[in-house]
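The values are calculated or read from the model by the stated rules, or taken from the named source; none is laboratory data. Nothing here was measured: the structure is a model prediction, and the numbers come from that model. Cβ placement follows ideal geometry from the backbone for every residue including glycine, while neighbour counts extend to all protein chains displayed. Surface accessibility is based on the protein's heavy atoms, side chains included, excluding ligands, DNA and RNA. Shrake-Rupley method; radii C 1.70, N 1.55, O 1.52, S 1.80 Å.
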Amino acid sequence: SSLLPYSRQIVSEEDISAVTEVLASDWLTTGPKIEEFEKSFASFVDAKEAVAVSNGTAALHAGMYALNISKGDEVIVPTMTFAGTANAVLFQEGTPVFVDSDPETLLIDPSKVESAITKNTKAIVAVDYAGHSCDYDVLKIIAEKHQLPLLADACHALGGSFKGKSVGSLADLSTFSFHPVKPITTGEGGMITTDDAGLAQKMRQFRNHCITTDHRERQEQGSWFYEQVDLGYNYRLTDLQCALGQTQLKNVPERTKSRQAIAAKYDQAFAKLNAVQPLSVSDDVSHAYHLYVIQLKLDQLTADRSQIFKALRAENIGVNVHYIPVHLHPFDREELKTAPGLCPEAEKAYERIISLPIFAGMDDQDVSDVIEAVTKVCQAYAV
Ligand SMILES: *Cc1c(COP(=O)(O)O)cnc(C)c1O
C-alpha cells in the first residue's frame, strides 16, 4: 500500500464543472465570481465582509497592512505556528514578538501575551492551532485593555467555533488559507474576514497594487483612468479559484463532522496507550481538526520523536511535525536575534509532537491503519 498523507484535498465533479464553466466565461480574474465567493464565505462564518486573496500568507500580509503595521511596530505572534504568520509582520517591516504556548493545547498562552505587550505593540495575532479556536474572550479582554487589534490566523480552523460563534467572526480580522491540505482548497488561495467595512476596503485595494479601480470596473465605466495611492501587491484570487472555493465551501459542515469523527476514534484508541497524549480540547470549542497532534510521553518510550516518526513512516503512515517553533528557524535567529530558551514550552513540545493523518477522505480502514501503526510502534518502543 502507499503512504497515507496527513491531509489532502477532495475535489468533486461539481467542483470540476464549476471551474470549467468559468474557463469558458468572459472573466478568468477580477470577474463576478470573486464577490460571489466572498459573500458566501462571509455569510458562512457570520462576518460582514470577506476579502479573497491569493493565499493565506497574503491574507496575513493584507491584515498587517490594514492594521497599519510599519517599521518599529511590534506584533505579538505565537511561536508554535507556520513561518508565514510571523513573515507577514516582517513584510510590513514590523517586528514579530514570539509568545510561548500553553503546554496542554499548544495555543498561544494568554498570560504570556499580556507580559509581552510594550509601548510599541500594535497588534496581537493568535493562531487556532490544529483547528482548536483560541479563547477569544480572554484574548479580547487583553486586547481591549491595551487598545490593540486582534487578528486570528484561522488557517486551520474553518468550520470550527468557540462558545457557539463561528471561527471567522471572533477577532477583528481572521485569515484563512485554501492550500490543498487545509479544510477547503482553491489550489492556492486565502481569505480575510472582518466586520469592519473600512478595513475590508483597504485590503481590497491592497490586493490590487493599491490601485483605485480594477480591470473590470474600468471596462464597465469605459475608462482607462486609475491611480495608485499606496504600495500594494498583486494578491488577487482568480475567478477559476473563487468558483472552486464556492463549491468547496458547501462541504465544510459535513467534512468537519467527518474529521471530528476520526478524531473521536483516535481519542478512544489512544486513551489506552501510555506513551501517547493527545492535545487537550476545551469544552467551549467545536474543533475543526485540520491536524490531529499527539505529544509523545518520552519517558514511556525507549525512542525519541524522530525514531517514532521514522517507524510510523515505515508503516506507510504519512505523519508530520507541526511546527518547528518559528523563533528557532535560522532566518529568525539571524534577523530577530532569537535563540533556544525564548519559548521553553513550545521548544519542549516540539521534541515530542507528531501530526497523524486526518482528512475527510479517509475511510475506516485508513483510520484503523493509523491506530494499529501507532499502537504497534509504541509497544515496540515501550520502556
Ligand atoms: C497554511 C497556513 C498559512 C499560510 O497559508 P498559505 O496559503 O500556504 O500561504 C498561515 N498560517 C497558518 C497557521 C497556516 O496553517
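Per this entry, Thr185 is not counted among residues that are open to solvent by less than 10 Å² (accessible area, probe 1.4 Å) and away from the ligand (no atom under 16 Å from the Cβ). Where residues in region 114-133 are in contact with a Pro (Cβ under 9 Å, 6 or more places away or on another chain) and more than 12 Å from the ligand (Cβ to nearest atom), which of them is farthest from Ser174 (Cα to Cα)? Here the answer is Lys122. Report the residue count in region 12-26 for those that are open to solvent by 80 Å² or more (accessible area, probe 1.4 Å) and either of a type outside the set (Gly, Ala, Ser) or touching a Pro at 6+ places or on another chain (Cβ under 8 Å) (or both). Selection size over region 12-26: 6.
The single residue among Ala52, Ala86, Ala58 that is part of a helix (DSSP H, G or I), under 23 Å from Asp239 (Cβ atoms), within 16 Å of the ligand (Cβ to nearest atom) and open to solvent by less than 40 Å² (accessible area, probe 1.4 Å) turns out to be Ala58. Taking region 265-318 only, how many residues are assigned to a loop (DSSP other than H, G, I, E, B), under 12 Å from Thr105 (Cα atoms) and away from the ligand (no atom under 16 Å from the Cβ)? Going through region 265-318 one residue at a time, the tally reaches 3. Restricting region 61-83 to residues that are open to solvent by 10 Å² or more (accessible area, probe 1.4 Å), out of contact with any Cys (no Cβ under 8 Å at 6 or more places or on another chain) and among the hydrophobic types (A, V, I, L, M, F, W, C), the residue that is farthest from the ligand (Cβ to nearest atom) is Leu67. Here region 135-169 is the region considered, the condition is being within 15 Å of the ligand (Cβ to nearest atom), in a loop (DSSP other than H, G, I, E, B) and in contact with a helix residue (DSSP H, G or I) (Cβ under 8 Å, 6 or more places away or on another chain), and the residue that is most open to solvent (accessible area, probe 1.4 Å) is Gly159. Cβ-Cβ contacts under 7 Å between residues 6 or more apart (or on different chains), taken from a first residue in region 208-230 that is aliphatic (A, V, I, L, M) and at pLDDT 90 or above to a second residue that is outside any loop (DSSP other than H, G, I, E, B) and open to solvent by 60 Å² or more (accessible area, probe 1.4 Å), are listed as Ile211/Gln228.
A single entry from Val377, Val367 fulfils the requirement of being under 30 Å from Asn251 (Cβ atoms) and not in a strand (DSSP E or B): Val367.
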